[in-house]
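Chemist: Mind looking over this structure? Questions follow.
The values are calculated or read from the model by the stated rules, or taken from the named source; none is laboratory data. Everything quoted here is computed from the prediction, not taken from an experiment. Note that each Cβ is placed from the backbone with ideal geometry, even for glycine, and that neighbours are counted across all protein chains shown. When the accessible area is computed, the model is the full protein with side chains, heavy atoms only, and any ligands, DNA or RNA have been set aside. Shrake-Rupley method; radii C 1.70, N 1.55, O 1.52, S 1.80 Å.
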Amino acid sequence: MRGLNADLSAAVSKVLDHDASPKGVHRLRTTIRRIESLVSYANPDIDKKLERSLEKMADLRKRAGKLRDLDVQTDLLGTLGNGSTAKDRKTLAALLEKKRNRQAKRLESIVKKLQGSKFFTRMDRIAEQAGVLQDGKNRPLAPLEEARAQLAEMASDFAARQTMNTSRLHEARVTLKRIRYLAELADKTTEQKKFIRELKSVQDVIGDWHDWEELTGTAEKQFSDRVNCALLREARTVLGARHSDAMSAVNKLFALALTPARKPPRSAQSFRPSARYA
């Protein structure tokens, strides 16, 4: 936890130096995700001031996420190769750059407020609390076992509702991230690495669909008055293919997770991922 706090401080310093690069923003988001997973797993007994610090950190992640989405949309825009879309690509690229500059300023504003507060001092206090051993009855399973149990529970819940619509695919994308970061807390074994690889491969496919959905939505807003916009047609075609890939990947992962296997008993007070980090 202290190491992650140090990574967070370094990522925040980059933003303060006006270096909100795609790589830096990605590092900021993933570091926060890992801290949230660790805190949620450790479930420390913290007061309201520390809770507010976690909420501020979540706000920072969401703001960084807006920047990340714009960066990815810009990259995807460059993959649309139809020659007739060149002018529209240029128009959309300029729009995305304008939005990114605005979001970068907002991210810097949030970071400056955190830097002038007791945020990092309180994050160190959370680290101390996270290291306090819980008594046996409240302790969750070991990280990898807990991650597997959560994945099986998630797969069972989705199977019970039968249909996999767009909103549920978004839900799967967010929840699988939390499960993966939880698994990363486990010892680095062959089994752990294999489990993480399986999750990440599915995450990547769903994430690709999500990114194309974002780009298509941006294009639809910009070119909604043009029925025969070539760029929009191409984006929709790619989006449809990515959606099919995502559905297939999630269904295969869930089917594997529901394969009967001997599972360790869950603790009396079953651990649940905290909704505050959604």
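Chemist: Looking at 180, 197, 173, can you tell me which residue is under 19 Å from the mean Cα position of the chain (by Cα) and surrounded by 19 or more Cβ atoms within 10 Å (Cβ to Cβ)? Quick ask: steps written out before the conclusion?
Modeler: Details: 197 fails: surrounded by 19 or more Cβ atoms within 10 Å (Cβ to Cβ); 173 fails: surrounded by 19 or more Cβ atoms within 10 Å (Cβ to Cβ).
Just one listed residue meets the conditions, 180.
Chemist: Turning to a different aspect of this structure: What number of residues within the stretch 28-49 satisfy the criterion of being more than 21 Å from residue 186 (Cα to Cα), surrounded by 13 or more Cβ atoms within 10 Å (Cβ to Cβ) and either at pLDDT 90 or above or under 18 Å from the mean Cα position of the chain (by Cα) (or both)? Can you show your working first?
Modeler: Going through the stretch 28-49, the residues more than 21 Å from residue 186 (Cα to Cα) turn out to be 28, 45-49.
Narrowing further to those that are surrounded by 13 or more Cβ atoms within 10 Å (Cβ to Cβ): 28, 46.
Applying the additional criterion that residues be either at pLDDT 90 or above or under 18 Å from the mean Cα position of the chain (by Cα) (or both) yields 28.
Result for the stretch 28-49: 1.
Chemist: Pairs please, first residue from the stretch 194-206 and in a helix (DSSP H, G or I), second anywhere and surrounded by fewer than 17 Cβ atoms within 10 Å (Cβ to Cβ), Cβ atoms under 9 Å, 6+ apart in sequence or on different chains.
Modeler: Partner pairs satisfying both residue conditions: 198/256; 202/252; 205/245; 205/248; 206/170; 206/245.
Chemist: Still on this structure, please answer the following. Scan (1) within 13 Å of residue 77 (Cα to Cα); (2) exposed (fewer than 14 other Cβ atoms within 10 Å of the Cβ) for the single condition residue 227 breaks and write down its number.
Modeler: Unmet for residue 227, out of (1) within 13 Å of residue 77 (Cα to Cα); (2) exposed (fewer than 14 other Cβ atoms within 10 Å of the Cβ): (1).
Chemist: Could you check the stretch 98-130 and list, in sequence order, the residues that are more than 15 Å from residue 51 (Cβ to Cβ), touching a helix residue (DSSP H, G or I) at 6+ places or on another chain (Cβ under 8 Å) and open to solvent by 50 Å² or more (accessible area, probe 1.4 Å)?
Modeler: Within the stretch 98-130, 99, 106, 112, 115, 124 qualify.
Chemist: So, one more: Looking only at the stretch 246-266, how many residues end up being at pLDDT below 90 and of a type in the set (Ser, Thr, Tyr)?
Modeler: 1
Chemist: Residues in the stretch 211-223: is at least one outside any helix (DSSP H, G or I) and within 20 Å of the chain's Cα centre (by Cα)?
Modeler: Taking the stretch 211-223 and keeping what is outside any helix (DSSP H, G or I), we get none.
Taking every residue of the stretch 211-223 in turn, none turns out to be outside any helix (DSSP H, G or I) and within 20 Å of the chain's Cα centre (by Cα).
Chemist: Which number in (1) open to solvent by 30 Å² or more (accessible area, probe 1.4 Å); (2) in a helix (DSSP H, G or I); (3) acidic (Asp, Glu) marks the one condition that residue 187 misses?
Modeler: (2)
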